[in-house]
Amino acid sequence: MLRRLALGLLTFGLSAPALAETPVGYDEDDPAETITRPGLTHDLLDPEGRTRFHLITRLTPSTGEGKFTNDVRATIMARAHIRVFEGLAVNAALPAASAWPDPGADAYLVGNIRLGVEGGHAFYVGDSRADAARPRIALGGAFDLYLPTAATANNAFCGTVDACDGTVLVRDLNAYEPESFIDDALMTRLRFHADFSMAIFTAGLELSLSPGLTLDTNPEFIMLFGWMVRGAVAAGPYLEPFVEIGSSRMATGPSNGLLDLLVSNYTTPTTITLGARAHLGGFDPALFLSVDARDGYLIFGLDLASVFATDRRSAREAGETRDFLRGFD
């Protein structure tokens, strides 16, 4: 079943470019109405609730032995967001991880399946929606439920490093969303989002609280606090460079004091990401490089994304047709 779900999400994500009729925000009849404001991201929620698909891969050759080794770890996440109406979308995600140690046998695992809902509203200053230079403030929120399907990572994820928790290394690859790979726990996540944009610049902030419960013999309460800040610029109609900084920390949970909270296995390192996203007529891939600020690990990323755009021309033509037919009433 999980294999079929992964295949379905992958198929939707890769077929979306062919199904999208127009690039996001582009009006072919009136290019002046093109909105070039950046803001598509694979980690933060979308207050406008657009239908979009992501296939996100993160890979690192870094271990305790060095930044470039023969021990490679990777995570992949297939994610679908489906708009219910403007400002509200439901989403589902299937994460997985793999390791290719040298020497050693390869290893694979499935993470926690995520089901969620997200939404919000964008407030514009000015009358003309086509004026891309006008300020925009967007506020949103989300609720995510992580089904406890994650397996525990074995020693293959440690590579040649002797003392290691493979599951921790997998979570560190997804610093802002470690909930996807917390094994033996039922996790939820509440997110609060705000972003501001003007002309070609966008800045965003997202905070999250993730309460959960371990599923062992003596269940314990867990609370994670996550944060991410983001900046992006539209360098023309087809390219969007961006920078992101974020992490997640255990606010409360299994510990023996403050020090355990700071270095808990549930706490991920602050990660700094530099990347660029292309906008190619409904196909919106991104390449990015993340640096683990704690250990200096390098994480190479690829997001194969697609957003379903609203075809303004078709909507306008439909309105004109209705107006024409009313003339015969």
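Laboratory data are not the source of any read-out in this text; all were calculated from the coordinates shown. Keep in mind it's a predicted model, so treat the numbers as computed, not measured. For neighbour counting, all protein chains shown are included, and Cβ atoms are generated from backbone atoms with ideal geometry for every residue, glycine included.
Comparing Cα centroids, the range 59-91 and the range 93-109 end up 13 angstrom apart.
Using the per-residue mean of other Cβ atoms lying within 10 Å as a proxy for protection, in what order, highest first, do the peptides 225-236, 45-56 fall? Intermediate values should be presented prior to the final figure.
Details: 225-236: 17.7, 45-56: 22.8.
Most protected by this proxy first, the peptides run 45-56, 225-236.
Sites listed here are GluC sites (Glu not before Pro) in the range 60-141 whose DSSP assignment is loop and whose Cβ has at most 15 other Cβ atoms within 10 Å: E65, E86. The string of couplings for the range 76-89 from the Karplus curve (6.51, -1.76, 1.60, θ = phi - 60°) is 9, 9, 9, 9, 10, 10, 10, 5, 8, 7, 4, x, 8, 9 Hz, one whole number per residue in order, with x for Gly and Pro. Based on alpha carbons, the Rg and Dmax found for the range 147-239 are 17.8, 56 Å. For the range 42-53, the Karplus equation 6.51 cos²θ - 1.76 cosθ + 1.60, evaluated at θ = phi - 60°, returns couplings of 8, 10, 9, 6, 10, x, 7, x, 6, 6, 8, 9 Hz by residue, with Gly and Pro reported as x.
In this structure, L205 and N70 have a Cβ-Cβ separation that, at R0 = 35 Å, corresponds to a calculated FRET efficiency of about 0.35. For the range 139-228, the Cβ-based charge dipole about the Cα centre amounts to some 280 debye (Lys, Arg positive; Asp, Glu negative; other atoms uncharged).
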